[in-house]
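What follows is a short report on a single structure.
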Amino acid sequence: MFASEVVFEDPVGARPKVGEEAIRNTWDRSLTTGREWTLHPIRIVGTDTEVAVQMHNVGNIEGQQVEVNGIEVWKVNSVGLVVSVRAFFEQPKDFELSPYFRIDRVD
């Protein structure tokens, strides 16, 4: 699904995550013990090679129900592999995301 050179800006403004391993780390760090997420695409608008997705993400973090809304922009190459994902969302103020999803991220 992902090209080996995929660039993942999650969130936009943080240092980009590059490569397939970075994508695996994104999912591995999202879905840890005590942290569950369900992603709901609300609206998808795009072309053959690029789409914008209005997202509504619902999570359970240590028993607390949380929500994050945002826009994601996905691009694919000529063979249909994802080469870029840009996730725009405000950092929540009432709960803390994994440090991997903060603008000031340190790997």
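Bear in mind these aren't lab numbers, they're just calculated from the coordinates by the rules spelled out. Quantities reported herein were computed from a predicted structural model and do not represent experimental measurements. Quick reminder, even Gly has a Cβ in these numbers, built from the backbone with ideal geometry, and neighbours come from all protein chains shown.
Summary table
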{"read-out": "Estimated distance in nm for a label pair at E21 and H40, the labels positioned 7 Å out from Cα along Cα-to-Cβ", "value": "3.7"}
{"read-out": "Length-normalised contact order for the chain - Cα pairs under 8 Å, 6+ apart - percent", "value": "29"}
{"read-out": "Neighbourhood net charge (14 Å Cβ-Cβ; Lys/Arg +1, Asp/Glu -1) for L81", "value": "-3"}
{"read-out": "Estimated FRET transfer efficiency when R0 is 30 angstrom, pair S4-K93 (beta carbons, to 0.05)", "value": "0.25"}
{"read-out": "The chain - mean residue ellipticity at 222 nm from DSSP helices (-39,500 (n - 2.57) per run, n ≥ 4, rounded to 500)", "value": "-3000 deg cm²/dmol"}
{"read-out": "Electrostatic dipole magnitude of the chain [Cβ: Lys, Arg +1; Asp, Glu -1; Cα centre; debye, to 20]", "value": "80"}
{"read-out": "Least to most buried among D28, D48 (fewest other Cβ within 10 Å first)", "value": "D48, D28"}
{"read-out": "K93, K17 arranged by Cβ crowding within 10 Å, fewest neighbours leading", "value": "K93, K17"}
{"read-out": "Restricting segment 48-97 to chymotrypsin sites (Phe, Trp or Tyr not before Pro) in coil, as DSSP defines it, with at most 16 other Cβ within 10 Å", "value": "F95"}
{"read-out": "Shape of segment 1-49, Cα gyration tensor, a/c cut at 1.5", "value": "oblate"}
{"read-out": "Karplus-derived 3J(HN,Hα), 6.51/-1.76/1.60, for each residue of segment 39-51, Hz, glycine and proline x", "value": "9, 10, x, 8, 8, 10, 10, x, 10, 5, 10, 8, 9"}
{"read-out": "FRET E, pair N77, R29, Förster distance 22 Å, beta-carbon r, rounded to 0.05", "value": "0.30"}
{"read-out": "Cut-off under 5 Å, modelled amide H: who pairs with F95 long-range", "value": "none"}
{"read-out": "Amide H within-cut-off set for K17, under 5 Å, with H built and near neighbours excluded", "value": "F8, E9, D10"}
{"read-out": "Helix 20-30 vs. the chain, principal-axis angle (Cα, 0 to 90°, nearest 10)", "value": "30"}
{"read-out": "Stretch in the chain that is longest and holds no GluC sites (Glu not before Pro) that DSSP places in a loop and that have at most 11 other beta carbons within 10 Å", "value": "1-61"}
